[in-house]
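Read the structure below first, then the notes.
The values are calculated or read from the model by the stated rules, or taken from the named source; none is laboratory data. It should be emphasised that the depicted structure is a prediction, and the values quoted were computed from it without experimental measurement. With ideal geometry, Cβ positions are generated from the backbone for all residues, glycine too; neighbour counts draw on all protein chains shown. Heads up: the accessible areas ignore ligands, DNA and RNA and are worked out on the full protein's heavy atoms, side chains in. Shrake-Rupley method; radii C 1.70, N 1.55, O 1.52, S 1.80 Å.
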Amino acid sequence: MDNIENDQKAENDDLDMDNEDMNNSESSSDESSQDTDTENTEMDTDIQKEQNYESKLAELEQIINQNKFQYQTYIDIINLTKEHGEFNKLREYREKMSQVFPLTESKKFSWINRKLNLINFFFSKLGLWLEWLKDEQKFLDNEEDRKKVDELFKRAVQDYLSVELWLEYIQYSIGGMGEENGIENVKNICENAISFAGFHVTRGYTLWEVYREFETALLAGYQQSSAGSIQTPEQTKQINEQIEKITHIFKRQLGVCLDNIESTYEELKQFDESASNDTQVKLIYEANLKKFKELEPFENALNEAVGDATKKIEAYFSYLDFEIKQIKEMEKRLLNNQKNIKTVNSINGKNSEMEILEKSRVRVKCLFERAIADDSNCLNVNLWLKYIYYLIEEESKQFSDGKDEYNLNVFKRSIRNCPWSAKLWTTYALEIEKFNSPTEQIKNVYKEAMQAGLQTSDDYLELWHAYLGYLKRSLLSNFDNETQEKKDLISEEIRDNFQKAINQLFDYFKLNGDPRFSLERFWAQIEAKYFKSMDKSRKIYNEMILAKSDIGEISHEVWIDFYQLEIQYGDEKHQRKLLNRALNELKYDTDKQVILELLVNFEKLNGNIGHFKTAYHKYEILKDKIQSNYLKSQQKLSEKQTQEKEQHAKSKQKPKKEDHNKKENQTKGIKRKKSETDSDSNSKQIKDKDGFAIPSLPDFKQPESKPSVSTPNEYKKVDPNCTVFISNIKFDVEEAKIRELFEKQPGFLCLRLIKHWSGKTKGYGYVDFEKPEQAENALKLDRSPIEGRPLFVSKNEEKDSELNFAQNKFKFATSMEKSKLFVSGLPFSTTKEELEEIFKTFGKVKEVRIVTYKSGKSKGLAYVELEDEQSASKALIQTDGMLIGENQISVAISNPPKRKQPFESRESEQEIKKDEIKKSLGSGSVESRSSSTSTPMSFVPRSQQLLGRKKTLNLK
């Protein structure tokens with residue numbers, strides 16, 4: 001039995017083992033299946049990530065191809081490629097970005113590093129350059145790779161002044177000491193660092209200390225190599241020379257105005273006491289210590305301004321002005337009286353005062369670089385211009401150190417930081433022209449400038465003048481000696497560019513692009529002087545300038561310019577004809593007087609007695625007329641002033657006289673016959689409790705009681721400050737719709753629409769509120785749509801309030817607003833919300849206003865106001881040229897042209913101009929009137945007027 005049971009148990013165990021093996025097999029199969037599924041899922045995820053990466057990268061690359069001035073897009077590509085480990089792509093776009101923008105020490109421009117409302121500017125130690133450099137150092141395999149990184153460091157330290165970058169560069173070079181000439185390379189880099197960044201007043205001393213520590217380490221190595229044995233003469237010489245080098249670095253450092261100068265002097269005492277006791281060293285140390293005390297308040301002002309960008313840039317400007325003033329005073333003292341200069345030999349064997357002057361100039365350049373590298377000052381055009389003008393002035397005085405490349409580098413960096421400034425582009429183009437750069441390179445600079453997002457018509461006009469001036473210098477300097485075929489090509493190129501400039505300004509800005517016709521006048525001068533073609537010059541004036549008199553007024557300056565051209569290159573016949581034509585077409589007597597003076601002088605030299613007599617009599621008649629008008633205007637002015645004085649005197653005397661009469665009547669007891677008004681006033685006198693009448697105050701009338709209930713045609717008169725003015729109302733609008741809009745506002749009293757006798761509204765009205773602040777709150781309803789038309793809501797200004805009219809005649813600013821952007825070229829369907837969505841990525845959007853017609857339809861224009869100038873500058877760079885739908889938009893800083901004067905003020909201004917007189921022939925200044933001045937025009941269709949400006953002149 002036991003055997004049977006044992007056999008049965010064994011069979012059961014075998015069965016269990018078989019089942020277990022089967023289960024294990026099935027489990028293993030399931031796990032293998034799960035692993036396969038996981039691998040497939042991960043593979044699908046990787047494929048999806050790769051597709052997303054390629055799609056995102058392609059999208060960002062397309063943005064860069066459309067507009068390469070997209071700073072944030074470069075940052076996005078760099079982050080994206082680094083995240084996916086695409087090192088070659090990362091290196092490519094870092095290189096591309098460095099060609100367009102200077103790379104800051106910080107990872108982003110300071111205006112990107114804002115947190116909430118606090119202006120918290122900071123520089124990250126691992127910035128764009130340092131991050132790039134550290135990445136490149138990870139792949140160092142050979143000496144060639146080290147050279148590439150070394151070149152990157154050289155480029156990095158040129159973009160912005162950064163003591164940290166120089167320290168990193170020195171540290172990197174020390175790592176290559178073991179290579180051939182490695183020690184000399186470290187010394188050269190240290191010398192380059194202290195020669196400029198070493199003049200940083202508060203942080204430059206760190207570079208000097210690193211240099212000294214490096215030389216001290218070499219000294220320790222020399223001493224250690226000779227330890228334990230007798231030094232050879234060569235070793236002794238080497239050690240002594242090294243000690244002299246370190247002492248010399250100490251003395252050089254003491255010769256620069258730096259923070260920590262006292263500690264440096266103490267270290268010199270410990271290292272070489274005899275050198276510290278040298279009289280000359282002491283004098284230099286004390287002079288620079290005194291200078292540092294002078295500069296310390298300015299350094300403190302910079303530290304106190306941290307967090308306030310406006311205050312900080314003002315502190316930098318004050319600092320720079322002080323330093324530059326000191327330099328000019330030193331130059332005047334030294335250079336105007338060189339024989340009396342106190343010649344005290346410095347440690348370098350140079351005149352000490354001249355050496356101080358040279359070091360002061362380097363310190364000023366270093367201060368400019370500090371200012372540019374600090375906060376968002378790299379975007380400040382005025383700072384760059386101040387820096388550039390200083391360098392140009394130093395160069396003109398022949399004070400430059402011969403490093404013209406330094407100036408050129410500054411000019412180039414300025415346009416990379418502020419590509420929207422025409423002045424910076426112009427100075428850069430002139431600088432590279434001075435270097436005799438290739439023609440194609442200079443033309444590319446101007447071409448790039450035209451695409452860089454200039455802001456105003458003046459910017460484009462200035463750039464076109466600079467470019468056309470360059471073409472004149474480069475193509476016409478040897479024009480007379482060229483072959484006829486070459487002359488034809490040159491003349492065709494210049495004419496094409498003039499026509500292109502005129503057309504572009506008209507396309508972008510219409511008649512405001514060049515209101516004084518400066519391009520056309522320049523063109524006419526080129527035709528006359530170089531191409532010897534007065535006929536074509538006259539054609540330019542007649543067809544492209546003077547023919548526009550029906551569109552806008554032609555100033556007398558244009559006529560005089562034309563006349564001067566005729567004098568130089570024309571003939572007497574055309575000169576006389578031109579002056580007489582000017583007399584017929586000019587409108588103001590003062591302008592005619594200037595032309596008549598020219599005509600009299602012309603006939604005196606060239607005419608016969610008949611011509612001279614006619615011109616002279618015309619001049620005398622006009623002069624008498626102007627004299628008479630002037631005397632009349634002076635007389636009117638004198639009479640008006642006299643009347644005003646008399647009225648003012650009467651207004652002061654009248655109250656006193658009435659009071660005096662009342663006193664006389666009371667003291668003398670004169671009895672007067674009661675009038676009706678007297679009886680009325682007595683009947684309404686207030687009596688006390690005993691029945692005695694209480695006399696009322698002088699000129700006081702008891703208020704009359706008015707019915708409390710007003711009829712539909714009556715309303716209670718309220719304070720004008722409690723009323724708002726509404727306009728742009730459809731004539732057939734239902735009053736209930738407007739009432740419905742305002743009834744929701746607190747304190748609403750009534751709606752008063754001004755209507756015709758027929759009952760239709762005149763398009764405007766008034767809304768009354770209980771309190772002024774409630775009326776002020778209702779102004780927020782301005783441009784609310786009523787039946788598809790914007791309702792204008794504005795303050796209620798009384799007609800007789802001249803002050804209010806002057807202050808509130810236009811509700812929007814008419815001057816430049818650096819935090820507000822003007823956007824043009826928008827699709828007409830663009831909404832306010834869509835614009836907010838686009839611009840909110842660059843900073844807080846305070847307001848978006850889409851410009852509409854009175855009908856409410858968009859004009860394709862808008863104003864976007866951001867919270868600060870830095871956000872606006874960032875948005876300008878990144879959105880100008882952006883595509884919205886199929887429209888390419890233009891974005892510029894808001895700088896509206898001056899608004900035209902009301903008709904009455906223009907009329908009075910013209911009267912004054914008609915009454916002006918010149919006390920002598922041609923004396924005094926005559927205001928020029930550009931073609932954009934509003935004047936009566938002939939009945940020519942507007943389309944024809946505008947097309948006339950763009951007309952292409954056929955000179956062939």
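Of the residues making up segment 720-761, those that are in a strand (DSSP E or B) and open to solvent by 70 Å² or more (accessible area, probe 1.4 Å) are Leu749, Lys755.
Right, Glu603: part of a helix (DSSP H, G or I) and in contact (Cβ under 8 Å) with a residue 60 or more places away in the chain or not?
no
Of the residues screened, Val149 is one that is at pLDDT below 85 and open to solvent by less than 30 Å² (accessible area, probe 1.4 Å). Exactly one residue out of Leu385, Leu379 is surrounded by 15 or more Cβ atoms within 10 Å (Cβ to Cβ) and at pLDDT 90 or above, and it is Leu385. Tell me which residues, restricted to segment 578-591, are part of a helix (DSSP H, G or I), surrounded by fewer than 21 Cβ atoms within 10 Å (Cβ to Cβ) and touching a helix residue (DSSP H, G or I) at 6+ places or on another chain (Cβ under 9 Å). Answer for segment 578-591, where residues must be part of a helix (DSSP H, G or I), surrounded by fewer than 21 Cβ atoms within 10 Å (Cβ to Cβ) and touching a helix residue (DSSP H, G or I) at 6+ places or on another chain (Cβ under 9 Å): Asn580, Arg581, Leu583, Glu585, Asp589, Thr590.
Here is a yes/no grid of residues against (1) surrounded by 14 or more Cβ atoms within 10 Å (Cβ to Cβ); (2) modelled with pLDDT under 80; (3) under 12 Å from Gly825 (Cα atoms):
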{"site": "Gly843", "(1), (2), (3)": "yes, no, no"}
{"site": "Ser873", "(1), (2), (3)": "yes, no, no"}
{"site": "Met882", "(1), (2), (3)": "yes, no, yes"}
{"site": "Asn895", "(1), (2), (3)": "yes, yes, no"}
{"site": "Lys900", "(1), (2), (3)": "no, yes, no"}
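Reported count of residues in segment 592-618, each being closer than 26 Å to Asn542 by Cα and open to solvent by less than 50 Å² (accessible area, probe 1.4 Å), is 12. Has segment 115-128 got any residue that is closer than 30 Å to Cys257 by Cβ, at pLDDT below 85 and open to solvent by less than 10 Å² (accessible area, probe 1.4 Å)? The answer is yes; a qualifying residue exists.
For segment 203-236, a tally of residues being modelled with pLDDT of 90 or more and open to solvent by 80 Å² or more (accessible area, probe 1.4 Å) returns 2. Residues in segment 267-290 that are under 19 Å from Trp208 (Cβ atoms) and either modelled with pLDDT of 95 or more or hydrophobic (A, V, I, L, M, F, W, C) (or both) were compared, and the one that is surrounded by the most Cβ atoms within 10 Å (Cβ to Cβ) is Leu268. Among the residues of segment 762-779, those that are assigned to a helix (DSSP H, G or I), of a type outside the set (Gly, Ala, Ser) and within 19 Å of Glu740 (Cβ to Cβ) comprise Gln774, Asn777, Leu779. Examine segment 252-273 for a residue that is hydroxyl-bearing (Ser, Thr, Tyr) and over 54 Å from the mean Cα position of the chain (by Cα), and state whether such a residue exists. No, segment 252-273 contains no residue that is hydroxyl-bearing (Ser, Thr, Tyr) and over 54 Å from the mean Cα position of the chain (by Cα). Among the residues of this structure, Tyr428 counts as one that is modelled with pLDDT of 90 or more, on the phi < 0 side of the Ramachandran plot, buried (at least 21 other Cβ atoms within 10 Å of the Cβ) and in the same structural domain as Tyr406 (by the TED database).
Residue pairs whose Cβ atoms lie under 8 Å apart, separated by 6 or more positions or on different chains, with the first residue in segment 281-294 and hydrophobic (A, V, I, L, M, F, W, C) and the second open to solvent by 90 Å² or more (accessible area, probe 1.4 Å) and in a helix (DSSP H, G or I), are Leu289/Glu262.
Those residues that are within 18 Å of Ser414 (Cα to Cα), open to solvent by 30 Å² or more (accessible area, probe 1.4 Å) and outside any helix (DSSP H, G or I), I need them from segment 436-474; list them, please. Gln451, Gln455, listed by residue number. A residue that is in the same structural domain as Pro790 (by the TED database), among the acidic types (Asp, Glu) and over 20 Å from Glu797 (Cα atoms) cannot be found anywhere in segment 758-772.
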